[in-house]
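J.: Submitted below is the structure of interest, expressed as structure tokens.
Readers should treat all values here as calculations from the given coordinates under stated rules, not as data from a laboratory. For clarity, every value in this text was computed on a predicted model and none was experimentally measured. All Cβ positions, glycine included, derive from the backbone under ideal geometry; neighbour counts span all protein chains shown.
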Amino acid sequence: MNLHRHDPHHDHGPGSELGEMQLRVRALETILTEKGYVDPKALDFIIDAYETRIGPHIGARIVARAWAEPDFRRALMADATAAVGALGAGSRAVHLIAVENTPQLHNMVVCTLCSCYPWEVLGLPPVWYKAAPYRSRAVIDPRGVLADFGVTLPAGTDIRVWDSTAETRYLVLPMRPAGTEGWSEEQLATLVTRDSMIGTGLAHAPDAQRAAP
Amino acid sequence: MNGVHDMGGMHGFGKVEPEPDEPVFHAPWEGRVVAMNRAMGHLGLWTIDIGRFFRESLPPHVYLGSSYYKKWELGLEDLCVRYGLIGGDELAAGHALHPARPVTCVLTAADAPEALSRGSFERPAPAPAKFKAGDRVRTRNINPPGHTRLPRYARGHAGVVECIRGCHVFPDAVAAGKGEDPHWLYTVVFEARELWGEAADPAVKVSIDAWEPYLEVA
């Protein structure tokens, strides 16, 4: 380790980092490929999966199902790994735990030590989730973090912060917005944001454009 | 290790800045780094916690001054060198200069769909769980120089076991080369005032997932 202590490249500005990193990553991939450790086609597949197939739309479908079907909601809260596996959504989730927002309790998920996140149902985490401001403040000032997202909880709402320190992965089940009675799962899923499933946002309220016919 | 990666409760990093319509990757090289990490992990030479420990072990100024995927790239370079897969001279040259170390389990495109799912970290229990839901516990005041998943802000504090999560691979052991050494894993919840003092918000609770060796009877 610590090969980079004397790295002459580390303190270039962000603009030059792009070019530097392109070259550096290309060099590493060239070496790993020439030595037969990686198959570039496998890399292409993984990148394509995260760019086109594995993302928060999977979590939104799970949340919408939980809102629409009480039996699925109960199964999700009891064993999210099994419930999501039975749904056949996306890649297979492991050690997945759903935590439910209520008028009395708001849940928020963080990984203070690195970037643990339920990739299988939300895709790759956004930059802010992996960056120092969120990782440092979520556990000591969650209301301030929510304010950064423009979210103010009603007075009397308790907050629970889940620090993902193990291989358990947490998915927030946001509250179902009022005025969505009778909506289909597909319609409900359009209201579910990525941030609402991390706990830094709320599900969208229905508007005229989204309203059920 | 008491590194800069252990950020919970630190001040001075500023506001959280969400990026509207953020792309999955901000440059093509970021995707290559994610995929290379997944593919190299598939070789089975190191585990997720060893990978984390290498990123945590980057010099503090490099850790704090690098983008997320740059940290992953630097950590992967270090892993590849440390495990004898590549040489520093090869990194400088940008090409292979030496014969490859024999490896098995190279990730192929055909295997890649399966590699998108993580394996389970749950293992058979070597002993009954010491704690049950509702038990008062105190986290130990430990400061190991190696890898640990007990954050500094949660050491030496009283909390309540909320749930048993099963018996899981113990990161502190596996990253130290001592094998999986599985232990019971618990969700332990703390009052914010216990962690941060009397001025903290009484309506906030924070939980961690803690392996049994992190805990003692309160």
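J.: Working from the alpha-carbon coordinates of segment B:28-115, get Rg over Rh, Rh being the Kirkwood radius. If you can, show how the numbers build up before the last one.
T.: Values: Rg = 13.4 Å, Rh = 13.9 Å.
Taking Rh as the inverse mean 1/r over Cα pairs, Rg/Rh reads 0.96.
J.: May I pose another question? Relative contact order of chain A, please, whole-number percent, based on alpha carbon pairs below 8 angstrom and at least 6 residues apart.
T.: Numbers: 283 pairs, mean separation 47.0, N = 213.
22 percent.
J.: Please flag any cysteine in chain A that has no other cysteine's Cβ under 4.7 angstrom from its own Cβ.
T.: Lone cysteines by the Cβ rule: A:C114.
J.: So if I place +1 on the C-beta of Lys and Arg and -1 on the C-beta of Asp and Glu, and nothing else carries charge, what would the dipole magnitude of the protein assembly as shown be about its Cα centre? I want it in debye, nearest 20. Numbers along the way, then the final one.
T.: Details: 43 positive and 53 negative charges, 153 e Å.
Using only the charged Cβ atoms, the result is roughly 740 debye.
J.: Just the number, please: percent antiparallel of the DSSP beta bridges in the protein assembly as shown, rounded to the nearest 5.
T.: Numbers: 21 of 37 bridges.
Within the protein assembly as shown, antiparallel bridges account for around 55 percent of the total.
J.: Suppose R0 equals 22 Å; then what is the FRET efficiency for B:A218 and A:A155 from their Cβ-Cβ distance, rounded to the nearest 0.05?
T.: Values: r = 32 Å, r/R0 = 1.44.
Computed FRET efficiency for B:A218 and A:A155: 0.10.
J.: Net charge within 12 Å of A:V110 by Cβ-Cβ distance, Lys/Arg positive one each and Asp/Glu negative one each, not counting A:V110 itself?
T.: Working: positive: A:K130, A:R135, A:R137, A:R160; negative: A:D141, A:D163.
It works out to a net charge of +2.
J.: Right, next: Whole angstrom only: what separates the Cα centroid of segment A:149-171 from the Cα centroid of segment A:30-73?
T.: 24
J.: What is the local net charge at A:E120, summed over the other residues whose Cβ is closer than 9 Å to its Cβ (Lys, Arg +1; Asp, Glu -1)?
T.: That sum, taken over residues with Cβ under 9 Å, equals +3.
J.: Related question: Per residue Cα convex hull volume for segment A:55-198, in cubic angstrom?
T.: On the way: hull volume 15.5 nm³, N = 144.
Taking only Cα atoms, segment A:55-198 has a hull volume of 108 Å³ per residue.
J.: Between A:A189, A:A64, A:A147, find the one with the highest GNM mean-square fluctuation for chain A; connect C-alpha pairs within less than 10 Å.
T.: A:A147
J.: Got the relative contact order for segment A:22-95 handy, in percent, Cα pairs under 8 Å and 6 or more residues apart?
T.: Numbers: 29 pairs, mean separation 13.5, N = 74.
With pairs under 8 Å counted, the relative contact order is 18 percent.
J.: For the residue pair A:E34 and B:R193, what label-to-label distance in nm results when each label sits 7 Å from Cα along the Cα-to-beta-carbon direction?
T.: 6.4
J.: If the cut-off is 24 Å between C-alpha atoms, which lysines fall inside it for A:K130, apart from same-chain ones fewer than 8 positions away?
T.: B:K15, B:K70, B:K71, B:K205
J.: To continue, here is another question. Could you tell me the calculated FRET efficiency between A:T102 and B:E122, based on Cβ-Cβ distance and R0 = 30 angstrom, to the nearest 0.05?
T.: 0.55
J.: I've got another one for you. Considering Cα pairs under 8 angstrom that are at least six residues apart, work out the relative contact order of chain B and quote it in whole percent. Working shown, then result.
T.: Working: 288 pairs, mean separation 40.9, N = 218.
Reported relative contact order: 19 percent.
J.: Further question on the same structure: Taking every pair of distinct Cα atoms and averaging 1/r, then inverting, what Kirkwood hydrodynamic radius in Å comes out for segment B:96-218? Show your work: numbers first, answer last.
T.: Working: mean 1/r = 0.0592 Å⁻¹.
Roughly 16.9 Å, rounded to one decimal.
J.: I would also like to ask the following. For the protein assembly as shown, state the semi-axes of the equivalent ellipsoid (square roots of 5 times the eigenvalues of the alpha-carbon gyration tensor), sorted largest first and rounded to whole angstrom.
T.: Details: eigenvalues 237, 139, 95 Å².
Each semi-axis is the square root of five times an eigenvalue, giving 34, 26, 22 Å.
J.: Right, something else. Gaussian network model of chain A, Cα springs within a sub-10 Å range: biggest mean-square fluctuation belongs to which of A:I97, A:I198, A:I46?
T.: Residue with maximal mean-square fluctuation among A:I97, A:I198, A:I46: A:I46.
J.: Taking 0.36 nm per residue of separation and subtracting the Cα-Cα distance, what length does fully extending B:E180 through B:R155 add? Kindly include the intermediate steps, with their values, before the conclusion.
T.: Numbers: separation 25, 0.36 × 25 = 9.00 nm, distance 2.28 nm.
Here the answer is 6.7 nm.
J.: May I pose another question? Given R₀ = 22 Å, FRET efficiency for B:D201-B:A133 by Cβ-Cβ distance, to 0.05? Don't skip to the answer; put the middle values down first.
T.: On the way: r = 25 Å, r/R0 = 1.12.
For R0 = 22 Å, the calculated efficiency reads 0.35.
J.: If we count other beta carbons within 10 Å of each Cβ, what is the order of B:L91, A:L171, fewest first? Kindly include the intermediate steps, with their values, before the conclusion.
T.: Details: B:L91 17, A:L171 27.
Neighbour counts put them in this order, fewest first: B:L91, A:L171.
J.: Measure nothing fancy, just the Cα-based angle from helix B:68-82's long axis to the longest principal axis of chain B, in degrees from 0 to 90, nearest 10.
T.: For helix B:68-82, the angle is close to 70 degrees.
J.: Moving on to the next point. If we count every other residue with Cβ under 11 angstrom of A:A147's Cβ, Lys/Arg +1 and Asp/Glu -1, where does the sum land?
T.: On the way: positive: A:R137, A:R143, B:K15; negative: A:D141, A:D148.
Here the count lands on +1.
J.: Most fluctuating residue of B:L43, B:L97, B:L195 in a GNM of chain B with Cα springs under 10 Å: which is it?
T.: Greatest mean-square fluctuation among the candidates belongs to B:L97.
J.: Continuing with this model, one more query. For segment B:130-167 and segment B:100-115, what is the separation of their C-alpha centers, rounded to whole Å?
T.: Here the answer is 37 Å between Cα centres.
J.: Which of A:V161, A:M197, A:Y134 sits closest to the plus end of the dipole of segment A:108-213, meaning its Cα is farthest towards the positive end, when Lys and Arg get +1 and Asp and Glu get -1 on the C-beta?
T.: Working it through, the farthest residue towards the positive pole turns out to be A:Y134.
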